[in-house]
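Below is one structure; the comments refer to it alone.
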Amino acid sequence: MNTISEHRCFDGIQGYYAHASAEIGLDMRFAVFQPPQARTGPVPVVYYLAGLTCTEETFVIKAGAQRIAAELGLMLVAPDTSPRGADIPGETDAWDFGVGAGFYVDATADPWSKHYRMYSYVTRELPAVIAAAFPADARRQGIFGHSMGGHGALVCALRNPGVYRSVSAFAPISAPMQCPWGIKAFGGYLGPDRSKWRQYDASELVRAQPFGGLILVDQGLADKFLAEQLKPELFEAACRGSGQCLKLRRHGGYDHGYFFIATFMEDHLRHHAAELSA
């Protein structure tokens, strides 16, 4: 692992790092905020998955999370959103597929299957790197994210309830099998067999296997992607049908951007702190 830079922040350390990923087959970058409590022992760790076009820097710079994380003693980890430098023809042609748009799946279709393995990277390889290099308590892990990353967080938590003890999302792509972004990504990364897509659709997963703990979701009602791409009502209905405890909060006037995320970031971090300390 290589340290790119480290910065004093709210008496903790905000750092940027890179490592050679065996899962991705390329170098991957990630960011870690270590709260001041990490100087005296392991602390709970919460992973944040960013949305389309973002990098490992987006959350760190825009979300305003470090102050509350320092107060609560939470380590925050933010990976990149896709492989970089795979040199696959067409991977930079669209903003919603390829570079910056890994969708947190393990691709099975050529030519994406060699490098686009973000699900396994996020759920297996990156936590192992964090556990080896930082004072993170692997028994107390949470995950959250925004938009494409909200989709990823819900999927990772629902498929690994023993690994993640808390989960939340901002404006997640809640039913990707039923929206243009998801259909494009799944068709490209996973191929035309829609039965393979279900393992990465939170609304499908929660019907079969509820998370168990409370899921917190915030959604802005002025979000231009709400009706066509996000479809939180489908996830809400699926949770209701399976008995999953969901707190879905709808906020008038808020859009899809980081001003919305920053407004409710404290609520999400306190949600994770409470669940991880229970």
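The values are calculated or read from the model by the stated rules, or taken from the named source; none is laboratory data. These numbers come from a predicted model, not from an experiment. Heads up, the Cβs are rebuilt from the backbone with ideal geometry, glycines too, and the neighbour counts pull from every protein chain shown. When the accessible area is computed, the model is the full protein with side chains, heavy atoms only, and any ligands, DNA or RNA have been set aside. Shrake-Rupley method; radii C 1.70, N 1.55, O 1.52, S 1.80 Å.
The distance linking region 1-39 with region 192-270 is 28 Å (Cα centroid to Cα centroid, whole angstrom). Pairs to check: Lys114/Lys184; Lys114/Lys231; Lys114/Lys196. Give those whose C-alpha atoms are more than 24 Å from each other in this structure. Those over the limit are Lys114/Lys231. Full extension of the chain between Ala132 and Leu26 gives 36.2 nm of extra length, using 0.36 nm per residue less the Cα-Cα distance.
Between Arg198 and Ile61, the FRET efficiency estimated from the beta carbon spacing at R0 = 51 angstrom works out to 0.90. Taking label points 7 Å from Cα along the Cα-to-Cβ direction, Asn2 and Ala109 give a separation of 3.3 nm. Each distinct pair of alpha carbons in the chain adds a 1/r term; the inverse of their mean, the Kirkwood radius, is 18.4 Å. Distances between every pair of Cα atoms in region 1-113, grouped in 5 Å steps from 0 to the bin holding the largest one, split as 2, 12, 20, 21, 17, 12, 8, 5, 2, 0 percent.
First compute the accessible area of the chain with a 1.4 Å probe, then give the percent of it belonging to carbon and sulfur atoms. Result for the chain: 52 percent of the exposed heavy-atom area is carbon or sulfur. Taken about its Cα centre, region 47-125 carries a charge dipole of roughly 260 debye when the Cβ of each Lys and Arg holds +1 and the Cβ of each Asp and Glu holds -1. Just to be sure I understand the curve: with the Debye formula and one point per C-alpha of region 137-248, what is log10 I(q)/I(0) at q = 0.18, 0.24 Å⁻¹? Ignoring solvent entirely, the Cα scatterers give -0.83, -1.38. Summing Lys and Arg as +1 and Asp and Glu as -1 over all other residues whose Cβ lies under 15 Å from the Cβ of Gly212 gives a net charge of +3.
Ellipticity at 222 nm from helices only: DSSP H runs of n ≥ 4 in the chain, each -39500 (n - 2.57), divided by the residue count, give -9000 deg cm²/dmol.
The order of the peptides 147-160, 49-62 by mean Cβ neighbours within 10 Å, most packed first, is 147-160, 49-62. Summing Cβ point charges (Lys, Arg +1; Asp, Glu -1) relative to the Cα centre of the chain gives a dipole of roughly 660 debye.
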